[in-house]
Structures are given as structure tokens and as C-alpha cells.
Amino acid sequence: MINLQNLGYSTMCGHGIIAVTTALYETGVFTLEKSRLNIDAPAGRIVARVNHDHGTIKSISFENVASFTLYQNLVIDIPYNGNDSLTIKYDVAYGGAFYAFVDIDDECNIALGLTIDASQTAELIHYGKLIKRIVMETVDIHHPCEPDLSFLYGVIFTSGQNCISTYTVNDIRSSNVCIFANGQLDRCPTGTGVSARCALEYTKGRLVPGKRLCVESIVGSVFRGEISRVVDYEGYNAVVPIITGDAFITGRSQFWLDPKDYLKEGFLLR
């Protein structure tokens with residue numbers, strides 16, 4: 001499965017996995033008698049599972065690729081307020097794609113003045129693009145096996161504030177927003193990002209097998225991540241995460257290719 005975005009295609013898309021799996025089962029392409037689905041993505045093999053109650057689909061879970069922390073507690077200086085600069089602290093982790101995580105609650109990052117709220121969409125996109133560019137210019141992002149995956153896909157701002165969904169007492173609660181590709185804002189919690197976050201929280205000692213990480217998006221949707229198992233992945237102390245979320249069919253469309261169409265191969269304008 002390949003997911004397109006405004007800069008090309010994604011190496012893996014968690015909500016794409018959830019959406020495609022939902023559509024295939026809801027429309028009867030597959031039956032619930034076989035509720036596991038293997039999906040190949042550029043990042044590797046993803047195993048999706050339908051969670052249902054007497055034939056009614058409740059959610060989709062998928063086991064992602066091995067996810068690991070690349071860097072912790074790095075700092076960069078970014079332009080801020082005209083001629084001033086601001087020092088930002090961040091981590092880098094992989095969950096099917098590499099992300100720089102910026103905790104906006106951290107005392108080093110509070111001066112950004114950001115919140116995970118739709119009213120700050122412009123500010124989040126601005127700082128996400130800025131931080132992504134500077135991190136890409138200053139830090140070596142490398143995947144141990146796949147050179148094609150060795151790039152920073154996006155910046156994820158995280159916060160422990162303003163979580164409104166229902167959680168259990170043992171859950172780690174967080175909100176986040178991902179700015180990826182060419183300034184695209186992800187309205188969902190970002191499946192590869194939550195996978196990378198599982199690895200990061202495991203590295204920091206906050207997430208262990210049997211505990212859940214619940215991440216709320218900028219529009220209130222939730223992905224729940226947990227550790228299936230801990231593995232050694234090319235020298236990295238990695239985790240294999242399971243991410244759970246939901247999707248709903250909203251319509252159906254068809255695309256046609258006319259051999260006489262001189263723009264049939266498409267175009268890109270920026």
C-alpha cells in the first residue's frame with residue numbers, strides 16, 4: 001500500500017492502514033472469518049487485525065515494523081521574534097518514518113507559545129516546517145537497513161495538556177500534532193508517529209509492555225499504542241508496537257484514464 005501526500009508518498013501511513021482495512025471488510029472484500037490482513041508498505045510488512053463484536057467492526061489494530069529511538073535530548077537554535085533565536089530541545093525516533101519530537105510542555109520549549117489546538121494551525125505549521133528544515137541540515141538521520149528511509153519525515157509537537165477523551169488510570173495520556181511533508185498538518189494522531197513515540201517512551205522508561213500510550217489528535221481522535229514485544233533491531237533496543245484506532249467510510253469515487261488525455265500522467269504545481 002502506498003499513501004500519497006503533498007511531497008510524494010509516505011513510507012508508511014498508520015491511519016491509511018486502518019482506513020483501508022476498514023473499507024475492505026465493511027464492503028465485503030474480505031470476511032470477518034479471517035480478520036487478519038498482511039499489508040506491504042515501503043517501510044515493511046504490516047499486520048492489521050479487525051476488532052469486532054458480533055460482526056460489527058469496533059476498531060482496527062495493526063502491528064507495525066520495529067521502532068526505535070535514534071537520538072534523545074538534542075538542541076537546535078531557531079529564528080524567533082525577528083532577530084532573536086530560541087533554543088529548542090527535541091528527540092528523534094523511528095516508527096515506519098523518522099520524526100523529531102518537540103515536547104511543548106518542556107521548560108526549554110514553552111517560549112514557543114504553542115498549544116495543540118486548531119486555533120494555532122498556522123503557528124504549528126510555521127514552526128514545524130522551520131524545525132524540520134534545521135534538523136535536516138544539522139543532524140544525520142540514518143536507517144540501519146534501508147537508505148531510502150533515511151530522512152526526517154516530519155516534526156511532532158506533543159503535550160500532556162487538554163486531553164479530553166476517556167482513558168484508564170494506567171494509560172499514558174498525550175496530545176500531539178504532526179507537521180510533515182511540505183507543511184502538511186495531520187489531523188489524526190499519526191500512526192507511524194505514535195509507533196515512534198512508543199519507542200521513545202520505552203527508551204525513557206515510561207512505557208512498558210502491558211501499559212498503553214493514548215495519543216489524541218488536534219481534532220480529538222485517538223490512537224492507542226502498546227508494546228507487542230521488545231526486539232534487537234540492528235543494534236537498536238527496539239519495540240514492535242501495536243496501534244489501535246478507527247475509521248469510517250464516507251464515500252466512494254472512481255478515477256478514469258483516457259488514453260487521449262495529454263495530461264493523463266498528471267502534473268505537479270508548486
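The values are calculated or read from the model by the stated rules, or taken from the named source; none is laboratory data. What you are looking at is a predicted structure, and each value in this text was computed from that prediction instead of being measured. Reconstructed Cβ throughout: ideal geometry from the backbone, glycine too, with neighbour counts over all protein chains shown. Protein only, heavy atoms only, side chains kept; ligands, DNA and RNA dropped before computing areas. Shrake-Rupley method; radii C 1.70, N 1.55, O 1.52, S 1.80 Å.
Restricting the stretch 119-157 to residues that are charged (D, E, K, R) and within 17 Å of the chain's Cα centre (by Cα), the residue that is nearest to Leu185 (Cα to Cα) is Lys129. Counting the residues of the stretch 202-221 that are aliphatic (A, V, I, L, M) and crowded, with 22+ Cβ neighbours inside 10 Å gives 4.
Got at least one residue in the stretch 159-171 being surrounded by 12 or more Cβ atoms within 10 Å (Cβ to Cβ) and at pLDDT 95 or above? Within the stretch 159-171 (the criterion being surrounded by 12 or more Cβ atoms within 10 Å (Cβ to Cβ) and at pLDDT 95 or above), the answer is yes, since at least one residue qualifies.
Report yes if Ala111 is open to solvent by less than 60 Å² (accessible area, probe 1.4 Å), modelled with pLDDT under 95 and in contact with a strand residue (DSSP E or B) (Cβ under 8 Å, 6 or more places away or on another chain), otherwise no. Answer is yes for this residue. Pairs meeting the criteria (first residue in the stretch 240-265 and free of Cβ contacts under 8 Å to residues at least 60 places away in the same chain, second residue surrounded by fewer than 10 Cβ atoms within 10 Å (Cβ to Cβ), beta carbons under 8 Å, at least 6 apart or on different chains) are Lys264/Leu257; Lys264/Asp258.
What about Arg36, is it closer than 30 Å to Asp232 by Cβ and modelled with pLDDT under 95? So Arg36 fits the description; yes. Restricting attention to the stretch 238-263, the residues being within 20 Å of the chain's Cα centre (by Cα) and surrounded by fewer than 20 Cβ atoms within 10 Å (Cβ to Cβ) number 3.
Filter the stretch 106-118 down to residues that are outside any loop (DSSP other than H, G, I, E, B) and more than 21 Å from the chain's Cα centre (by Cα) and give me whichever is farthest from Val177 (Cα to Cα).
Step by step, filter the stretch 106-118, then rank; the result is Ala111.
Would a scan of the stretch 130-146 turn up a residue that is surrounded by 24 or more Cβ atoms within 10 Å (Cβ to Cβ) and at negative phi?
No; the residues of the stretch 130-146 include none that is surrounded by 24 or more Cβ atoms within 10 Å (Cβ to Cβ) and at negative phi.
For beta carbons closer than 9 Å, sequence separation of 6+ or different chains, a first residue in the stretch 20-45 that is in contact (Cβ under 8 Å) with a residue 12 or more places away in the chain and a second that is surrounded by fewer than 14 Cβ atoms within 10 Å (Cβ to Cβ) and β-branched (Val, Ile, Thr), the qualifying pairs are Thr22/Ile249; Ala23/Val29; Ala23/Ile249; Tyr25/Thr31; Glu26/Ile249; Thr27/Ile249; Ala41/Ile2; Pro42/Ile2.
When Asp148, Asp91 are checked against the criterion of being under 24 Å from Gly14 (Cα atoms), in contact (Cβ under 8 Å) with a residue 24 or more places away in the chain and in a strand (DSSP E or B), a single residue qualifies: Asp91. In this structure, does Tyr99 turn out to be within 24 Å of Asn3 (Cα to Cα) and either open to solvent by less than 60 Å² (accessible area, probe 1.4 Å) or in contact with a Lys or Arg (Cβ under 7 Å, 6 or more places away or on another chain) (or both)? It is true that Tyr99 is within 24 Å of Asn3 (Cα to Cα) and either open to solvent by less than 60 Å² (accessible area, probe 1.4 Å) or in contact with a Lys or Arg (Cβ under 7 Å, 6 or more places away or on another chain) (or both).
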